[in-house]
1. Select from the stretch 56-93 the residues that are open to solvent by 40 Å² or more (accessible area, probe 1.4 Å), polar (S, T, N, Q) and within 15 Å of the ligand (Cβ to nearest atom) and list them in ascending order.
2. Please go through the stretch 284-295 and give me each residue that is assigned to a strand (DSSP E or B) and open to solvent by 20 Å² or more (accessible area, probe 1.4 Å), ordered by number.
3. Within the stretch 95-114, track down each residue that is away from the ligand (no atom under 16 Å from the Cβ) and closer than 30 Å to G226 by Cβ.
4. Would you mind stating whether A24 is part of a helix (DSSP H, G or I) and either over 20 Å from P75 (Cα atoms) or among the aliphatic types (A, V, I, L, M) (or both)?
5. For I46, only one of the following conditions fails: (1) part of a loop (DSSP other than H, G, I, E, B); (2) more than 16 Å from the ligand (Cβ to nearest atom); (3) touching a residue at least 12 places away in the same chain (Cβ under 8 Å). What is its number?
6. Given the criterion free of Cβ contacts under 8 Å to residues at least 60 places away in the same chain, of a type outside the set (V, I, T) and in contact with a Gly (Cβ under 7 Å, 6 or more places away or on another chain), identify the matching residue among A122, A148, A143.
7. Which ones in the stretch 38-49 are open to solvent by less than 30 Å² (accessible area, probe 1.4 Å) and under 26 Å from the mean Cα position of the chain (by Cα)?
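The values are calculated or read from the model by the stated rules, or taken from the named source; none is laboratory data. Bear in mind the structure is a predicted one, so any value in this text is a computation, not a measurement. Glycine gets a Cβ as well: all are built from the backbone with ideal geometry, and neighbour counts include every protein chain shown. Heads up: the accessible areas ignore ligands, DNA and RNA and are worked out on the full protein's heavy atoms, side chains in. Shrake-Rupley method; radii C 1.70, N 1.55, O 1.52, S 1.80 Å.
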Amino acid sequence: MLALAGAPLGLHCCFYDPAPASPASWYGQQQVGHYTDTEALEAWRIGLSCITYEFENVPVAAAELLNQHVPVYPPPIALSTAQDRLIEKQFFNQLGIATAPFVAVASLAELEQAVGQLGLPAILKTRRMGYDGKGQVLLRSEAELAEAWKAMAGQDLILEGFVRFDRELSIIAARSRSGEVACYPLVQNWHREGILRRSVVPVAAIPAALQAQAEAYAQRALAALGYVGVLAIELFQVGDLLLVNEMAPRVHNSGHWSIEGAETSQFEQHLRAMLGWPLGSVALRGSVAMINLIGRPPETDAVLAVEGAHLHLYDKLSRAGRKIGHITLRADDPELLWQRIAAIEALLPE
Ligand code: AMP
């Protein structure tokens, strides 16, 4: 999607991915290599003007190695901060930004103590490599602690207090090499089994103060990291307060709606930011939704028969729980948008 956004701007992308024939390889040359293969990385970066990543578990060492010769955006410090839930939460707290309460746990005894502190329910998460709800267990009762510990022991863990949020939101922000910042309107997100299913923007009855709070969080995080590119911050709304759940130092699934739904897509915005070009307008083009396609795709002709629907297939093999594409929906008003959401969701196989 970055390469597609870059093409009309005269940008050519090439890719580095450990898996041969990755979806992106249709849109530019792909180098197959492991992220730890320094020789392959060194050979690949020759001739590039800048480098980005769109997956946050790229090893920080690979980003740092490349950054010695070619600017890597977002900066590797953003990657290392986002890769560890403990460091990430401490980072936000140090900026005066609230998160769910948390305690790092290194033994069953520490887990029991942490549960005493945070109460139940609580969520035990791996500090690293978790995504789409993987690497986390919801703890409802004391009786579940020993088993959860056994299942997850051997990894660095964090216990998080369970947040009874009103809704889940995210803010997509961009900071350019010149320091210019742009924030999209807050997005509302719905997850099932830890996987993002649907995003809608604009969010119904969102007070201006909440948007301002989210933008202030983003501004602080962007400045603290010397950030360049698009940053997504996932938030829990609890009354008038926003708590940060986590950040993604990259273009983000909850911003995919912007391809057809905003004046400038998050992908184009990311490229503009990296190249030091002026950032584009974040204005919405009506009421917009994004529906993720998980596991298996719906029938293409049925999707395209829904007015305002734009299909994006990622050319990934079907697998249970895997994001294989998304649909953007646009409408002139929220009521019509929700009718279209219902029509599309009725077509989903999973
Ligand atoms: P994560 O991988 O941390 O983004 O978690 C995936 C989803 O699990 C979130 O989008 C929430 O729906 C839910 N979740 C994660 N952490 C918490 C928490 N501390 N309290 C309540 N729900 C949570």
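1. N93, the sole residue that qualifies.
2. Hit for the stretch 284-295 is L284, nothing else.
3. Result: L95, G96.
4. Yes; evaluated as a whole, the condition is true for this residue.
5. Unmet for I46, out of (1) part of a loop (DSSP other than H, G, I, E, B); (2) more than 16 Å from the ligand (Cβ to nearest atom); (3) touching a residue at least 12 places away in the same chain (Cβ under 8 Å): (3).
6. None of the other options fit; the residue is A122.
7. Hit for the stretch 38-49 is L41, nothing else.
Each row is one residue, and each column tells you yes or no for (1) farther than 27 Å from V201 by Cα; (2) part of a helix (DSSP H, G or I).
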| residue | (1), (2) |
| --- | --- |
| P74 | no, no |
| I77 | yes, yes |
| S80 | yes, yes |
| I97 | no, no |
| A109 | yes, yes |
| L120 | yes, no |
| L124 | yes, no |
| M129 | yes, no |
| E144 | yes, yes |
